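Worksheet: the structure to be examined is printed underneath.
FYI, it's all coordinate maths here, none of it is from the lab. Because the structure is a prediction, the values reported are computed rather than measured. Virtual Cβ from ideal backbone geometry, glycine too; neighbours counted across all protein chains shown.
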Amino acid sequence: MVSGRYPADAAQRAARLALVITDNDGVLTDGTVYVSAAGEQLKAYSVRDGMGVERLRDHGIATAIVTREGPALIAPRAHKLEVRHLWTSVRDKHAHLGRILDEADVALDQLAYLGDDLNDLDIIEAIGEVGLTAAPADAMPRVRDAVHYVCEAPGGRGAFREVAEWLLRLRSTAEVHHEKRRQDR
């Protein structure tokens, strides 16, 4: 559902999108870590979210993951989904934004970001000025209040897919409006 911060130019912002960045824990997962008696850690991921990555890629939009965690648990999933960029062990995501822009070769207004917790707020606010932002239904209240779109789905249960479909719908709307303006000339 759209939030009170929903920008009037959301469709135009979606038309510029080149990269959708997501947090891992709490967005792609439900935030749960399973630990075996031997200390092995496991996380569950939604295949629906994986299809969201594929749908974005099919429409020319790359995906990236930026997370505080190390690469051991997320790197295999990112590789399987052909996620273009993976930044791990990032303590301050906002401070990392310049590196993200440089390495992905994109501008700030070409980004969308999905986050769920307080450590996502600064990057959400920065990207939200000119890009698009979203959060799962079960995100922290301050995060839900800061984003443009709040999912009906919780983290790890289709939130990324829901955002992917929202972005693709917005993009389609922008294309229709652009074509109509072109025909009216």
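For segment 1-103, which GluC sites (Glu not before Pro) pass both filters: DSSP loop (anything but H, G, I, E, B) and at most 10 other C-beta atoms within 10 Å? Answer by residue number: E40.
Antiparallel beta bridges, as assigned by DSSP with both residues in segment 10-184, represent about 10 percent of the total such bridges. The magnitude of the dipole of segment 1-148, with charges of +1 and -1 set on the Cβ of Lys/Arg and Asp/Glu and taken from the Cα centre, is near 240 debye.
With a Förster radius of 22 Å applied to the beta-carbon distance between Q12 and E54, the computed FRET efficiency rounds to 0.35. Is any residue of segment 1-39 close enough, with backbone N under 15 Å, to a label point placed 7 angstrom from the Cα of S172 along the Cα-Cβ axis, and if so, which? Of the residues in segment 1-39, 11, 15 have backbone N under 15 Å from the label point off S172.
Compute the long axis of helix 159-184 from its Cα atoms, compare it with the longest principal axis of the Cα atoms of the chain, and write down the angle in degrees, 0 to 90, nearest 10. Taking Cα atoms only, the helix is inclined about 10 degrees.
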